[in-house]
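Asker: Below are the structure tokens for one structure; questions will follow.
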Amino acid sequence: MADLPKLDPFVHAVRLRRETIASFNEYPYSIPAIRTLERLELHPHVTFLIGENGSGKSTLLEAIAVKAGFNAEGGGKNFHLLAEEDRPA
């Protein structure tokens, strides 16, 4: 059996593909942290996101989680929240 490449489970950087954004006047792109984002390098050991309320810290983390295959609401890759209309009565 061939050796499989070692996968790196860490996010090292985040890049906003600005050319795909229709308008930076609409949420979530109007949030200052997102509107000005081009590339964000993350330290390999720990990264702190700091800023005022409403500056976009949680929105950025939720976007990273979704792109990495996780739920924005939290939980593991195999934990999926049902939409309210899909929940059993």
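The values are calculated or read from the model by the stated rules, or taken from the named source; none is laboratory data. As the structure is a prediction and not an experimental result, all values here were calculated from the model. Every residue, glycine as well, gets a Cβ built from its backbone with ideal geometry; the counts of neighbours run over all protein chains shown.
Asker: Are there any pairs, at least 6 apart or on different chains, whose C-beta atoms fall under 8 Å, with the first in segment 19-35 and over 19 Å from residue 53 (Cα atoms) and the second part of a helix (DSSP H, G or I), and if so, which?
Answerer: 24/35
Asker: Another question, if that's okay. Filter segment 36-62 down to the residues that are β-branched (Val, Ile, Thr), surrounded by 10 or more Cβ atoms within 10 Å (Cβ to Cβ) and either more than 19 Å from residue 72 (Cα to Cα) or in contact (Cβ under 8 Å) with a residue 12 or more places away in the chain (or both) and list them by number.
Answerer: Answer for segment 36-62, where residues must be β-branched (Val, Ile, Thr), surrounded by 10 or more Cβ atoms within 10 Å (Cβ to Cβ) and either more than 19 Å from residue 72 (Cα to Cα) or in contact (Cβ under 8 Å) with a residue 12 or more places away in the chain (or both): 36, 59.
Asker: Residue 52: modelled with pLDDT of 85 or more, acidic (Asp, Glu) and not in a helix (DSSP H, G or I), yes or no?
Answerer: Details: modelled with pLDDT of 85 or more: yes; acidic (Asp, Glu): yes; not in a helix (DSSP H, G or I): yes.
Taking the combined requirement at face value, the residue satisfies it.
Asker: Taking segment 55-74, which residues are part of a loop (DSSP other than H, G, I, E, B) and among the acidic types (Asp, Glu)?
Answerer: Restricting attention to segment 55-74, the residues satisfying the condition of being part of a loop (DSSP other than H, G, I, E, B) are 55-56, 68-74.
Selection gives 73 alone.
Asker: Which of the residues spanning segment 1-26 are aromatic (Phe, Trp, Tyr) and either surrounded by 10 or more Cβ atoms within 10 Å (Cβ to Cβ) or outside any loop (DSSP other than H, G, I, E, B) (or both)?
Answerer: Of everything in segment 1-26, just one residue is aromatic (Phe, Trp, Tyr) and either surrounded by 10 or more Cβ atoms within 10 Å (Cβ to Cβ) or outside any loop (DSSP other than H, G, I, E, B) (or both), namely 24.
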